[in-house]
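The values are calculated or read from the model by the stated rules, or taken from the named source; none is laboratory data. Since this is a predicted model, take the numbers as computed values, not measurements. Cβ: placed from backbone, ideal geometry, glycine included. Neighbour counts: every protein chain shown. For accessibility, only protein heavy atoms count, side chains too; no ligands or nucleic acids. Shrake-Rupley method; radii C 1.70, N 1.55, O 1.52, S 1.80 Å.
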Amino acid sequence: MKETARWLTPDEQHAWRSFVRLHERLGGRLSRLLQTESKLSAADFAVLVHLTDVPEGRQRYQDLCRALEWEKSRMSHHVARMAGRGLVVREEAPDDARGAFVVITPAGREAIEAAAPLHVAAVRELFLDHVTPAELRMLGEISSRVVAKLDEDAS
């Protein structure tokens, strides 16, 4: 038996499309600013942020893929480009012949440390300065709840 789609109500459609537009426009603007000001792409920045958040600045490929919601091939190609620029290195896992780590280099640390203040200033100017503390708390609660559900249903 074929299920009927649960179409969005006008309020749901407005909220969803507004959220998608916000995500696309804000992400695009932040990406362009990052690239212009720091020569890091949004993807570079995401990888470097994750590596600075873990002990020793190193993370297994599959864990980094999961954290960024990237396919293995995308991660492999992107890490190779970043390694070519000296931002990261790939290290074989000594205990697992098929496993490998992505490790931030001193140049990668310098790049993220230079880019982070620019990124934070842009996030404030483009987003945080336009929401109230109550709206920010609500957004945090909504985001955490949806992410928890996505993590629970991860395949």
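So the values come out like this:
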read-out	value
For the chain, size of Cβ-based charge dipole, Lys and Arg +1, Asp and Glu -1, in debye	520
Residues of the stretch 79-108 with amide N under 11 Å of the 7 Å Cα→Cβ point at A67	102-104
Cβ charges +1 (Lys, Arg) and -1 (Asp, Glu), total dipole of the stretch 76-116, debye	220
Whole-number accessible area per residue in Å² for the chain, which is evaluated in the context of all protein chains at 1.4 Å	74
Cβ-based charge dipole, the chain, positive-most Cα from G108, L139, S31	S31
Model label zone, F19; criterion: amide N under 14 Å from point 7 Å along Cα-to-beta-carbon; scope the stretch 114-147	138-147
V146/L126 FRET efficiency (R0 30 Å; Cβ-Cβ; nearest 0.05)	0.85
Charge dipole (debye, nearest 20) of the stretch 66-155; +1 at Cβ of Lys and Arg, -1 at Cβ of Asp and Glu	260
Two-site FRET efficiency, R74 against L118, from Cβ-Cβ distance with R₀ of 22 Å, rounded to 0.05	0.30
Under the Debye formula (equal points on every Cα, no solvent term), log10 I(q)/I(0) of the chain at q = 0.10, 0.12, 0.14, 0.18 Å⁻¹	-0.49, -0.68, -0.88, -1.23
Over the chain, relative contact order from alpha-carbon pairs under 8 Å, at least 6 apart, %	22
Hits among lysines - C-alpha to C-alpha of K72 under 27 Å, sequence gap 8 or more where chains match	K39, K149
